[in-house]
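The values are calculated or read from the model by the stated rules, or taken from the named source; none is laboratory data. This one's a predicted model, so the numbers in the text were calculated from it and none came from an experiment. Positions of Cβ are backbone-derived with ideal geometry, glycine not excepted, and every protein chain shown enters the neighbour counts.
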C-alpha cells in the first residue's frame, strides 16, 4: 500500500452531497447508480473526525462531542484472485491564513482564527492503495488507519506495499472518501468490474467532559454511493466519465451518472419529534472536478445549487448556495448567518414553515463550457436533542436522485 502521491489520482466526484432520505436509483438499461448495489467506484460523501487526542488542533472543548468515522469495504467477488482498490481521502478543512503544508490551524470560520486572520478554504487529497481477497470485508477508523491487512493467509496481500491503511492527515478532519477498483498494484487503469460495497458509520461520544456513567454515544450509518462501471477505456485517458463523455475528454473508464436533481423528505429544524428536537446538517459536493498530481484539488468547478423547499401545505420557498468542493453546513445556515443567530427565520425552520416536515429539492446548475457537469451528490445528517439542547440520537440519510431522459455528463480530470 502506498500512502504517497501516485502518478494518477482517481476520485469520480471529489465533492459530494448527503441529505436525509434514501438515495434514489438511476433506472438505466444496463447499470445503476445506487446505495444498495455494488459498483466499481464508491463515494462516501461525509467522513469526519475530531477526537480527544492531544494532537487534535484545535482541541475539543467542554460541551462538544468527540467524533470519528468507521469505514467498511467489501469485495463481493467470488473469484480466485484479490482485487486492487485505490482510495482517496478528500480533505475539505479550512485553515487559518495558510495552506495545510504550513501547519496552519484547522478552522471552520474566521471566529476560529486569531484576530485579523482569515479562515481560508482548502481542498487536498491523500491517496492509498490495498488489495482485498475474494469475499473479504475490511474495516478501519479514519483517525487511526489500519496497521495490518487481514488477508486470510494470502502472504502476497499481507506484504503488499507494507500492508497499511493510513489515518487522515490531520484531526479535526472534515471531508469525504472515494474508492475505485483498478487493474493491479502496478497498473492504475480502472477496470469494468463492480465488486465493491461500502458502509460508513459516524460515531460520536460526549458531551465533554465525558464521565463513565453519563456519556452519550450516537451512531449514524449510511451506505456508500456506488457507480457501476460500464466500460474501461485507455490508460492514456484523462478523465473518469460519469454518464457519458465530457466535451474534449478521453475516458479512462465510463460509469453511471450523478443525479441532476436531489429530493428529500425531512423534518424542519426545531421540530419536536418522539426522538427529540431536530437539527440537520447538509453535505453537498459537485460530481465533476479536476485533481492535480501532488494531492491538490483545483476548485474550478463552481456549481450553483438551486434549492426549493415545500411544506406540508405545498407552499414553496427558495434559496441556494454555490459549491466549489465538498461542503458540510447546518441546514438553517444556508440562508441565515452562521451560528444560532437568525435560525428561527430560516426557510428550514419549523416556525417559518408552520409544519413539522416537508420536502427539499436541490438542482445543480453549471453554465461553463469547460466540460464540467452540474451533477451533485447529497446527504443529510439529522440530530435529535432534549429540551436542554443535549444531543440524544442521530441518523444519516442519502438524498433521492432524479435522472433526466438524457443523463447529465460529469467528469474527473487529471491534468
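Values as computed for the structure displayed
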{"item": "Positions within the stretch 313-324 being buried (at least 19 other Cβ atoms within 10 Å of the Cβ) and either under 23 Å from residue 384 (Cβ atoms) or free of Cβ contacts under 8 Å to residues at least 24 places away in the same chain (or both), in sequence order", "result": "none"}
{"item": "Extreme residue, modelled with the lowest pLDDT, among residues of the stretch 325-352 that are buried (at least 19 other Cβ atoms within 10 Å of the Cβ) and closer than 30 Å to residue 128 by Cβ", "result": "325"}
{"item": "Odd one out for residue 310, checked against (1) buried (at least 19 other Cβ atoms within 10 Å of the Cβ); (2) modelled with pLDDT of 90 or more", "result": "(1)"}
{"item": "Residue pairs meeting the criteria (Cβ under 9 Å; at least 6 apart or on separate chains; first touching a residue at least 12 places away in the same chain (Cβ under 8 Å) and at positive phi, in the stretch 120-135; second surrounded by fewer than 19 Cβ atoms within 10 Å (Cβ to Cβ) and part of a strand (DSSP E or B))", "result": "135/74"}
{"item": "Candidate set: the stretch 251-295, residues that are out of contact with any strand residue (DSSP E or B) (no Cβ under 7 Å at 6 or more places or on another chain) and at pLDDT below 90; chosen: the one surrounded by the fewest Cβ atoms within 10 Å (Cβ to Cβ)", "result": "294"}
{"item": "Residue 238 being crowded, with 23+ Cβ neighbours inside 10 Å and over 17 Å from the mean Cα position of the chain (by Cα)", "result": "no"}
{"item": "Residue 182 modelled with pLDDT of 90 or more, surrounded by 19 or more Cβ atoms within 10 Å (Cβ to Cβ) and in a strand (DSSP E or B)", "result": "yes"}
{"item": "Residues located in the stretch 49-72, provided they are outside any loop (DSSP other than H, G, I, E, B) and at pLDDT below 90", "result": "none"}
{"item": "Qualifying residue in the stretch 269-277 (condition: out of contact with any helix residue (DSSP H, G or I) (no Cβ under 8 Å at 6 or more places or on another chain), on the phi > 0 side of the Ramachandran plot and assigned to a strand (DSSP E or B))", "result": "yes"}
{"item": "The stretch 144-168, residues that are assigned to a loop (DSSP other than H, G, I, E, B) and at pLDDT below 90", "result": "147, 148, 149, 150, 151, 152, 153, 154, 164"}
{"item": "Of all residues in the stretch 132-143 being more than 21 Å from residue 188 (Cβ to Cβ) and part of a strand (DSSP E or B), the one that is modelled with the lowest pLDDT", "result": "137"}
{"item": "Selected residue [at pLDDT 85 or above and buried (at least 16 other Cβ atoms within 10 Å of the Cβ)] from 219, 229", "result": "229"}
